[in-house]
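For reference, the structure discussed in these notes is given below.
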Amino acid sequence: MAEEVLIDPGKTRGHLTSSLLAVAFLSSFGSSMLYGYNLAVVNSPSQYIKDFFNQTIVRRHGSGVDEETLTLMYSFTVSIFAIGGLVGSLTVRMQVTRFGRKGTLVHSTVLVFIAGVLMGFSRLCGSPEMIIVGRFITGIHSGIALSVVPMYLGEIAPKNLRGFLGLVPSIFICIGVFIAQILGLHELLGKEEHWPLFFSLVVVPTFIQLMLLPWFPESPRYLLIEKRNIHATITALKWYRAKGNIQAEVEEMQEEQRSLSSVETVSVLQLFRDPSVRWQLVTVIVVNAGMQLSGIDAIWFYTNDIFENAGIPFNQIQYTTVGTGAIEVIAGLIGCFAIERVGRRPLMIGGFTFMGVCCAGITFSLLLEAHISFMRYISVACVVGIIAGFCIGPAGVPFLMTGELFKQSHRPSAYIVGGSLNWISNFAVGFVFPFLQMSAGAFCYLVFCGVCVGVAAYVFFIIPETKNKTFMEISQLFALRNACEIENQSLVTSGQLALKKMNGYGALVHVVDVDKKEKAETQ
């Protein structure tokens, strides 16, 4: 017979299969890790890049420029990455609807190869413009990846592992930062002649991802709800799940599908006009903007300058920076393994609060270090504290929450809103911070302190816990606050489901109905 009965759900709790883990690692390694790498890669060779800019200007125009102009050019080179990220994030809805979640990640790899070639040959061609354009293109790729990777992992993960898999990308972001810090050591690629190679190494993890990721299935939710391809959905679920977990998840997806007025993805404008997701949208805006305005990008972009201002000897700064990278990875691992035990709220509230305290600590330590010598070490400890607090929760939970708070039709546009705010805030901090630091001195960190405390308070009073809940259950949590009701149609709650192949796709039917049909045919 052309009918396949789904496994009866003896267990509704999903298990971490090798396929799930492989996809999480592979998609994060070739996409999310590049975001972290590109954040930190500009730190170590900053002076070499400024010298290259100045030498090129002298060669073209016969005279150089002052230090302030070089700082402006370097800040633009750093921040153009965020502008590219903004452009990339705005294309997410169109791409994930057309190519799927996995397909979008595979198609976007071409951007990294183009950027790697431009940056790698920029000095050979004597063209600073190639660095800037290359940074812009890598930003486009990161803007796509930062939204699509957590969306993909959130949709293939069982509800009890969604938090764990959702934070895997943030761990790889930290690993990317750490790798850039290690390779930036003077003993490795931190010399003047090596910085083009340093920038172009982004092509290596992307090539590995391109070779392996296409062999894995697309998101089952995308296949069922948007493509209505039930046969492919069942195949993908069997690939990602252990036996006994398929039926309950198919029913939950069907419930979500029936609750949608249309399977078409809504636009950003429609998202803002929809009263049923008002507070979810406000939450995405607050946590994504707050994640960047917390000052973490200022710490990552200008770590060496911060340590130099704190009085750390120049020859020790690079090793201190690498040490902070190791702490990032450890903190990210702690958050990843803790999230399914303690939930999303404690990691967000604790992380932002601790970051706020450390930002205030940097201000006071920098003000007092002229009078108390050991305060310079307090400021370094506060920098480490900000990084650790960020990586434990705020680094990854906002991306996870953006996917959890919305149903299938609204999710791509929600990632556009969250991603756009993320990148706009990233650009603002990266571009403004050097000048804010020059004008406000140590007091500039109090701005970040206020943002961190404000976001922590918002999470405490507004956001419910979403741990181990389905997307429909999370929508119900916000229904009262949004003053609306979620359409909840009756479901098949018992028995088995069968896959009946029809024209290569298939349809889910209740086993009882199949039995009745078979009896009628035999009579």
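The values are calculated or read from the model by the stated rules, or taken from the named source; none is laboratory data. Model, not experiment: these values are computed from the prediction. Cβ placement follows ideal geometry from the backbone for every residue including glycine, while neighbour counts extend to all protein chains displayed. In case anyone asks, the SASA skips ligands and DNA or RNA and just uses the protein heavy atoms, side chains included. Shrake-Rupley method; radii C 1.70, N 1.55, O 1.52, S 1.80 Å.
If ligands, DNA and RNA are left out, what is the accessible area of Leu86 with a 1.4 Å probe, given in Å² to the nearest 10?
We get 50 Å² for Leu86.
Inverting the mean 1/r over all pairs of different Cα atoms, compute the Kirkwood radius of region 199-253 and quote it in Å.
Working: mean 1/r = 0.0776 Å⁻¹.
Evaluated on region 199-253, it is 12.9 Å.
Could you tell me which label, among (1) 0.99; (2) 0.96; (3) 1.02, carries the value of Rg/Rh (Cα atoms, Kirkwood Rh) calculated for this structure?
(3)
With a point put 7 Å past each Cα toward its Cβ, work out how far Ile372 is from Val357 in nm, to one decimal.
The answer from the label model is 1.7 nm.
Compare Ser63, Ser420 by solvent-accessible area with a 1.4 Å probe and give them largest first, with all protein chains kept in place. Provide the component values of the computation, followed by the final result.
On the way: Ser63 65, Ser420 15 Å².
In descending accessible area the options line up as Ser63, Ser420.
According to the square roots a ≥ b ≥ c of the eigenvalues of the Cα gyration tensor, what is the shape class of region 113-180, taking rounded for a/c under 1.5, prolate for a/b larger than b/c otherwise, and oblate for the remainder? Write down the numbers at each step before the final one.
Numbers: a/c = 4.76, a/b = 2.70, b/c = 1.76.
Prolate, since a/c reaches 1.5 and a/b exceeds b/c.
Heads up, I need the accessible area for Arg345: 1.4 angstrom probe, whole protein in place, Å², nearest 10.
Rounded to the nearest 10, that gives 60 Å².
Relative contact order for the chain: what is it in percent, counting Cα pairs under 8 Å that are at least 6 residues apart? Walk me through the numbers on the way to the answer.
On the way: 869 pairs, mean separation 130.3, N = 523.
Normalised by residue count, the contact order of the chain is 25 percent.
Could you tell me what a quarter of the Cα convex hull surface of region 119-247 works out to, in nm² with one decimal place? Walk me through the numbers before you get to the answer.
Details: hull surface 40.7 nm².
Across all orientations, region 119-247 yields a mean hull projection of 10.2 nm².
Provide the per residue accessible area, probe 1.4 Å, for the chain, rounded to a whole number of square angstrom.
Details: 20890 Å² over 523 residues.
In whole numbers, the chain has 40 Å² accessible per residue.
Where nothing but the Cβ of Lys and Arg (+1) and of Asp and Glu (-1) is charged, how large is the charge dipole of the chain around its Cα centre, in debye to the nearest 20?
On the way: 37 positive and 36 negative charges, 168 e Å.
Roughly 800 debye for the chain.
Considering Cα pairs under 8 angstrom that are at least six residues apart, work out the relative contact order of region 309-454 and quote it in whole percent.
Working: 128 pairs, mean separation 48.9, N = 146.
The value is 34 percent.
Taking GluC sites (Glu not before Pro) that fall in a DSSP loop and have at most 13 other Cβ atoms within 10 Å as cut points, what is the longest piece of the chain between them? Display every interim value, and only then the final one.
On the way: sites that count: Glu187, Glu264, Glu465, Glu485, Glu487.
It runs 265-464.
Under a 5 Å amide H to amide H cut-off, with H placed in plane at 1.01 Å, what residues pair with Gly190 once short-range neighbours are removed?
Leu185
Taking Cα pairs under 8 Å and at least six residues apart, what relative contact order does region 322-404 come out at, in percent?
45 percent
Given charges of +1 on the Cβ of Lys and Arg and -1 on the Cβ of Asp and Glu, with all other atoms neutral, how large is the dipole of region 78-182 about its Cα centre, in debye to the nearest 20?
Working: 8 positive and 2 negative charges, 58 e Å.
About 280 debye.
Protein chains only, probe 1.4 Å: how do Met375, Met73 rank by accessible area, largest first?
Details: Met375 25, Met73 60 Å².
Largest to smallest exposure gives the sequence Met73, Met375.
Please report, in debye to the nearest 20, how large the charge dipole of region 368-488 is about its Cα centre when each Lys and Arg carries +1 at its beta carbon and each Asp and Glu carries -1 there.
Details: 6 positive and 6 negative charges, 27 e Å.
My answer is approximately 140 debye.
Where does the chain land at 222 nm, in deg cm²/dmol rounded to the nearest 500, when only DSSP H runs of n ≥ 4 count, each adding -39500 (n - 2.57), divided by all residues?
Numbers: 25 runs with 362 residues, N = 523.
Result for the chain, helices only: -22500 deg cm²/dmol.
For region 335-375, take N as its residue count and report Rg(C-alpha) divided by 2.2 N^0.38 Å.
Values: Rg = 15.3 Å, N = 41, 2.2 N^0.38 = 9.0 Å.
Taking the Cα Rg and dividing by 2.2 N^0.38 Å, one obtains 1.70.
How far, in degrees from 0 to 90, does helix 203-212 lean away from the longest principal axis of the Cα atoms of the chain, to the nearest 10?
10 degrees
Nearest 10 degrees is fine. How inclined is helix 344-368 to the longest principal axis of the chain, computing both from alpha carbons?
Once rounded, one gets 10 degrees.
Under a point spin-label approximation (7 Å from Cα along Cα-to-Cβ), what is the Leu480-Glu187 distance to one decimal in nm?
Spacing of the two 7 Å Cα→Cβ label points: 5.9 nm.
With every protein chain kept in the model, how would you rank Leu39, Leu212 by accessible area, 1.4 Å probe, largest at the top?
Working: Leu39 0, Leu212 85 Å².
Descending order: Leu212, Leu39.
With a 1.4 Å probe and all protein chains left in place, how much of the accessible area of the chain comes from carbon and sulfur atoms, in whole percent?
Details: 13560 of 20890 Å².
Its accessible area is 65 percent carbon and sulfur atoms.
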